[in-house]
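**Q** Below you will find the structure I want to go over with you.
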Amino acid sequence: MGEHPSPGPAVAACAEAERIEELEPEAEERLPAAPEDFDPGSTGYISTGKFRSLLESHSSKLDPHKKEVLLALADSHADGQICYQDFVNLVALFLYNGVLLDQFVLQVTHPRYLKNSLVYHPQLRAQAWRYVTYIFMHAGVEQLGLNVALQLLVGVPLEMVHGATRIGLVYVAGVVAGSLAVSVADMTAPVVGSSGGVYALVSAHLANIVMNWSGMKCQFKLLRMAVALICMSMEFGRAVWLRFHPSAYPPCPHPSFVAHLGGVAVGITLGVVVLRNYEQRLQDQSLWWIFVTMYTIFVLFAVFWNIFAYTLLDLKLPPPP
């Protein structure tokens, strides 16, 4: 008597849910907006105002001018509505321009593209690691793609035959010779790309094929030579054009192409000896010692050149990055 019946489980659960909602009113605000919030009528369109709010909530660090550009590109019909196809067009446009402007690898059109601890720069030539680490940066997807293609086409088969030690020796020698050649012959230019090492391998391989053409039983050797020469010519031609093309930011010159020539010089000297006979020890070959001596003399000359020549010639170098 006088006792109220206890509420059922469903009623108790509803009351508990209401109490939690009252205690945490801000929890709903933290939830991401649902799709129906932007398109309540399920028409397949959202307004440019809602798209603007979406940009502002997910891109707080985006430049205001770039936000306006995004809005203008998305609303290409200027009707105040954005559909799914507009999103697709926007993504496709940015992917195309990303490849076109080399934004995925290295922006040689950007005034601060040299602000990198790996790129060789004439003002920072005292930092010795840059003579090797420049190979990890490339001036565009074209240079990166062609170098990767050449390494897969030539470098991998050579390593399978001659071993990683010999191929690594030729590659590193080409890399060092490439940067040193730039510091001697193109003193005001930076260097990027692994072309020095790649060209050392490819030129050594091609020279070895030519010298032993009749005795080689390699399938498609003519086709492989043609593909390698075409890739080398395309990449070298692009490097020469880029070097002499007027820079959009004159204090920041374009990368040099002389590293390619340094790699070729190593390939047709040291590389030919290394690849000529993989069964004979290198120290048993007289040509090996001759070319090692020549390479050592060049390295020492380049070191002294970097120490004294820049001061004596009083060159006008680009400003440090």
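**Q** Hey, if we sort Trp288, Trp213, Trp129 by accessible area with the 1.4 Å probe, largest down, what's the order?
**A** Values: Trp288 35, Trp213 95, Trp129 130 Å².
Output order, biggest surface exposure first: Trp129, Trp213, Trp288.
**Q** Quick one: net charge of Val258's neighbours, Cβ under 12 Å, K/R +1, D/E -1? Don't skip to the answer; put the middle values down first.
**A** Working: positive: Arg243; negative: Asp186.
Net of charged neighbours comes to 0.
**Q** Can you give the accessible area of Ser53, probe radius 1.4 Å, in Å² rounded to 10?
**A** Approximately 60 Å² of Ser53 is accessible to the 1.4 Å probe.
**Q** Now for a separate question. What FRET efficiency comes out for the pair Lys115/Val227, r = Cβ-Cβ distance, R0 = 41 Å, nearest 0.05? Intermediate results must be reported in sequence, preceding the final value.
**A** Working: r = 36 Å, r/R0 = 0.88.
According to the calculation, E is roughly 0.70.
**Q** Hey, another quick one. Quick check for you: which residues of region 141-166 have the amide N under 20 Å from the point 7 Å beyond the Cα of Met234 toward its beta carbon?
**A** Within reach of a label on Met234: 141-157.
**Q** I need to check one value: relative contact order of region 110-214, counting alpha carbon pairs closer than 8 Å and at least 6 residues apart, in percent. Write out the running numbers ahead of the final one.
**A** Details: 109 pairs, mean separation 37.6, N = 105.
Relative contact order for region 110-214 comes out at 36 percent.
**Q** I'd like to know which of Tyr171, Val182, Met160 lies farthest towards the positive end of the charge dipole of region 145-244, counting +1 on Cβ of Lys and Arg and -1 on Cβ of Asp and Glu.
**A** The residue sitting farthest along the positive end of the dipole is Met160.
The values are calculated or read from the model by the stated rules, or taken from the named source; none is laboratory data. Bear in mind that the values here come from a model prediction, so they are computed numbers and not experimental data. When we count neighbours, we look across all protein chains shown, and the Cβ atoms used for this are built from the backbone with ideal geometry, even at glycine. Surface accessibility is based on the protein's heavy atoms, side chains included, excluding ligands, DNA and RNA. Shrake-Rupley method; radii C 1.70, N 1.55, O 1.52, S 1.80 Å.
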